[in-house]
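Colleague: Let me give you the structure first, and then I'll get to my questions.
The values are calculated or read from the model by the stated rules, or taken from the named source; none is laboratory data. All figures in this text were calculated on a predicted structure; none of them were measured in a lab. Accessible surface is based on the protein model in full, side chains and every heavy atom, while ligands, DNA and RNA are left aside. Shrake-Rupley method; radii C 1.70, N 1.55, O 1.52, S 1.80 Å.
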Amino acid sequence: MDLDTAFNYHHFASHRTLAAIAGDLLPAFTISTKVGYFPDGHDFHPARLRAAVEQSARELGRTPDTVLLHNPESSVEGFACACAVLREMRDAGLCKNWGFSTWDPRRLLEAPWAIPRPDVVMVRAGLTVSAAILNAVDELVDRAEITELWGMAPFAGKADDSIWQTVDTSTFLLPGQQGGALQAGVATAFAVPEVTRLAVGTSVVEHLAEAVCGSRLEVSTERVTEYRALLRERATVSAGALSRKDR
């Protein structure tokens, strides 16, 4: 079982809360956490990152398995240095893996940088992600030589939105498979883009159960390829229309 959290979640008390609730069971979980946000804002200063990782380990009572830079697009100028710092912390035994979690990688791609190859990168996944962001993820994977890609927020934090009752997400499933809208949406998120893990957050136990069921379903590669092609085509047409209008 995996748990994903962050230094700033739950008003900067997520690690203490996890340790208090899970108790002796916590070592049975694989834990990923994120650093970069502080009470006074986003900061990639090496000393603050190191202090946050060390505090996270103390509060969890164990070393986190993976530490990710949180939304590096918010501090692009410090991105490369922060990556080097996390790799050093991994090599020093403060975590097993390092990487970064980005909600929108487009700003990262606008800046020149060279970084050590990350162990893990987390990006948005699923049918709520725009063509522009999906294309940026593809470019990021190539540029940073990413081999382990994780997904997050398959419903953009709105799993109870009425749209999931009107969109037939089951069209992405392989024939013969049964699944509700949320289950099929989770299954599709594993393929848009292709990720090995998917972080989902919910306060509704039923939604969590559906997410687990969805992770066991298989999607049609052909349907996903068609969907990605349609997204790219629509984005190109929209961009062309805007260009003509601007002239």
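Colleague: State, to one decimal in nm², a quarter of the convex hull surface area for the C-alpha atoms of the range 7-55, i.e. the direction-averaged projected area.
Modeller: Over every viewing direction, the Cα hull of the range 7-55 projects on average to 3.6 nm².
Colleague: Which shape class, rounded, prolate or oblate, goes with the range 149-198 when its Cα gyration tensor gives a ≥ b ≥ c as root eigenvalues, a/c under 1.5 marks rounded, and past that a/b bigger than b/c marks prolate?
Modeller: oblate
Colleague: So how tilted is helix 205-214 from the main axis of the chain? Cα-based, degrees 0 to 90, rounded to 10.
Modeller: The angle comes out at about 70 degrees.
Colleague: Only Cα pairs within less than 10 Å get springs; with that Gaussian network setup on the chain, which residue of Val205, Val123, Val35 has the largest fluctuation?
Modeller: Fluctuation is largest for Val205.
Colleague: Further question on the same structure: In whole angstrom, note down how far apart the Cα centers of the range 127-178 and the range 1-66 are.
Modeller: Between the Cα centre of the range 127-178 and that of the range 1-66, the gap is 26 Å.
Colleague: Please tell me the relative contact order of the chain in percent, rounded to the nearest whole number, where contacts are Cα pairs under 8 Å and at least six residues apart.
Modeller: Working: 399 pairs, mean separation 32.1, N = 247.
This gives 13 percent for the chain.
Colleague: Would you mind classifying the range 103-153 by shape? Square roots of the alpha carbon gyration tensor eigenvalues, ordered a ≥ b ≥ c; an a/c under 1.5 is rounded, otherwise it is prolate if a/b is larger than b/c and oblate if not.
Modeller: In terms of gyration-tensor shape, oblate.
Colleague: Looking at the range 77-220, what % of the alpha carbon pairs are farther apart than 25 Å?
Modeller: 35
Colleague: Pick from Gly201, Gly157, Gly78: which residue has the top mean-square fluctuation in a GNM of the chain where Cα pairs under 10 Å get a spring?
Modeller: Comparing Gly201, Gly157, Gly78 in a Gaussian network model of the chain, the most mobile one is Gly157.
Colleague: Rounded to whole Hz and in sequence order, give me ³J(HN,Hα) for the range 117-124 from the Karplus expression 6.51 cos²θ - 1.76 cosθ + 1.60, θ = phi - 60°, writing x for Gly and Pro.
Modeller: With the stated coefficients, the range 117-124 comes to 5, x, 6, 8, 9, 10, 9, 5 Hz.
Colleague: So who's got an amide H within less than 5 Å of the one on Leu173, skipping anything under 5 residues away but keeping other chains? H placed 1.01 Å off N, in plane.
Modeller: Ser220
Colleague: Taking all protein chains as present, what is the carbon and sulfur share of the accessible area of the chain, in % to the nearest whole number, probe 1.4 Å?
Modeller: On the chain, the fraction of accessible area on carbon and sulfur atoms equals 52 percent.
Colleague: Pairwise over distinct Cα atoms, reciprocal of the mean inverse distance: report the Kirkwood radius of the chain in Å, one decimal place. Don't skip to the answer; put the middle values down first.
Modeller: Details: mean 1/r = 0.0520 Å⁻¹.
By the Kirkwood definition, the hydrodynamic radius is 19.2 Å.
Colleague: Over the range 45-134, average the accessible area per residue using a 1.4 Å probe and give it in Å², no decimals. Show your work: numbers first, answer last.
Modeller: Numbers: 3510 Å² over 90 residues.
I get 39 Å² per residue for the range 45-134.
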